[in-house]
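Take a look at the structure set out below.
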Amino acid sequence: MNKLLILLFIALISFEGNAKLLDKIVAVVNSQPILLSQINRMGENLEARRNISPQIYGKKTYTKKNLVDIKINEFLLRDKLTEMGYVITDEQVEAQVKATEDRLGLNRAALLNFLKSNNFSFDEYFELIRTSIEYNLFLSRIIQPLISITEQDVKNAYYQKYSSNRRLSFKYELVDFSLDRGDFKKGMLRQFKSVLTSFQQTGILPDEFSNVSTNVIGEIREDGLTSDLKKVLKDTPEGKFSNPILIGGQYHVFFIKSKDLVESEDFLVKKNQIRAQLFQSSMETIATSWFKSEADKHYIKYFIDK
């Protein structure tokens with residue numbers, strides 16, 4: 001095994017003959033060490049890193065362990081991209097740096113002064129740009145193809161966020177199960193919903209519910225429905241049975257075949273923003289899962305607690 005896995009620190013003997021700690025290995029990925037000096041340096045110019053590459057340095061605060069994880073993920077990502085045939089060359093990085101200079105109206109001297117004022121060297125900037133290109137490539141080639149945001153996902157998220165908004169309106173496809181009030185004996189009303197849920201699986205109704213009537217209701221909008229019925233339907237998820245509600249002389253339980261948000265003007269204004277938020281959230285979740293899975297394929301050893 002590589003000696004780097006055994007050495008936990010690098011020592012320098014001072015002129016007085018005393019051992020002085022120069023650096024320390026805080027983690028190893030395969031045979032590649034991550035040094036404490038690297039992690040400390042990341043912490044020293046963290047704000048500049050966040051401004052240059054917010055997709056990688058998106059958190060408000062970082063522990064040393066968090067920064068070590070960023071370096072480990074960098075190794076894992078680069079290894080995977082290399083396996084896929086993607087290698088980001090110095091020429092590609094330089095082209096990206098030049099494009100950034102042109103976009104900001106800076107020459108190289110002005111860029112260097114800007115980096116210096118932010119406690120950032122050009123070499124650090126150059127490598128962070130390389131890592132950022134790799135990360136964006138990782139998202140576009142590996143993560144984004146795994147994400148699917150449906151129109152219903154957007155509507156559900158809009159409803160959850162603005163559920164107290166009285167302007168929300170739904171349209172439904174329902175199956176109405178009803179039974180005369182006089183047919184209910186003691187305890188039957190509490191069982192009505194669960195009996196129908198079981199009936200959906202088995203096709204069997206208990207004798208006392210044998211008089212239940214069924215009515216398939218096509219698309220119906222909630223406009224014009226009673227406030228009690230609106231509430232019962234709004235509180236019931238798609239694909240589920242509602243709680244019983246008394247209408248006239250019958251108790252009704254509704255199976256929600258479909259539940260769609262009517263596309264109000266407010267929804268149309270907000271839908272693209274909500275879709276982007278859902279996409280970003282899914283991307284972060286899937287990327288985190290990917291890194292955890294990929295880490296299991298490599299030798300990784302920490303020498304730092306937090």
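The values are calculated or read from the model by the stated rules, or taken from the named source; none is laboratory data. Treat the numbers as computed from the prediction; the structure is a model and nothing was measured. Backbone-built Cβ (ideal geometry, glycine too); neighbour counts: all protein chains shown. Note: accessible area is taken over every heavy atom of the protein model, side chains too, but ligands, DNA and RNA are not part of it. Shrake-Rupley method; radii C 1.70, N 1.55, O 1.52, S 1.80 Å.
In table form, for the structure just shown:
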{"read-out": "Which listed residue, of Lys270, Lys301, Lys259, is outside any helix (DSSP H, G or I), among the basic types (Lys, Arg), in contact (Cβ under 8 Å) with a residue 24 or more places away in the chain and within 19 Å of Ile149 (Cβ to Cβ)", "value": "Lys259"}
{"read-out": "Hits in region 112-151 (condition: under 31 Å from the mean Cα position of the chain (by Cα), charged (D, E, K, R) and open to solvent by 30 Å² or more (accessible area, probe 1.4 Å))", "value": "Glu124, Glu127, Arg141, Glu151"}
{"read-out": "Single match in Ser258, Ser227 (criterion: of a type outside the set (A, V, I, L, M), open to solvent by 70 Å² or more (accessible area, probe 1.4 Å) and under 22 Å from Ser169 (Cβ atoms))", "value": "Ser227"}
{"read-out": "Criterion: of a type in the set (Asp, Glu) and either at pLDDT 95 or above or closer than 18 Å to Ile143 by Cβ (or both) - qualifying residue of Glu83, Glu16", "value": "Glu83"}
{"read-out": "Search result, residues across region 48-79 that are outside any helix (DSSP H, G or I) and among the β-branched types (Val, Ile, Thr)", "value": "Ile56, Thr61, Thr63"}
{"read-out": "Residues that are surrounded by fewer than 16 Cβ atoms within 10 Å (Cβ to Cβ), over 22 Å from Asn30 (Cα atoms), of a type outside the set (D, E, K, R) and free of Cβ contacts under 8 Å to residues at least 24 places away in the same chain, drawn from region 52-85", "value": "Pro54, Gly58, Thr61"}
{"read-out": "Condition check for Leu189: outside any loop (DSSP other than H, G, I, E, B), open to solvent by 40 Å² or more (accessible area, probe 1.4 Å) and farther than 22 Å from Glu263 by Cβ", "value": "yes"}
{"read-out": "For Ser198: the one exception among (1) closer than 27 Å to Asn156 by Cα; (2) in a helix (DSSP H, G or I); (3) open to solvent by 90 Å² or more (accessible area, probe 1.4 Å)", "value": "(3)"}
{"read-out": "Yes/no for Val212 being open to solvent by 70 Å² or more (accessible area, probe 1.4 Å), aliphatic (A, V, I, L, M), farther than 30 Å from Ile70 by Cα and touching a residue at least 12 places away in the same chain (Cβ under 8 Å)", "value": "no"}
{"read-out": "Residues that are open to solvent by 70 Å² or more (accessible area, probe 1.4 Å) and either at pLDDT 95 or above or under 14 Å from Pro244 (Cβ atoms) (or both), drawn from region 174-186", "value": "Asp180, Arg181"}
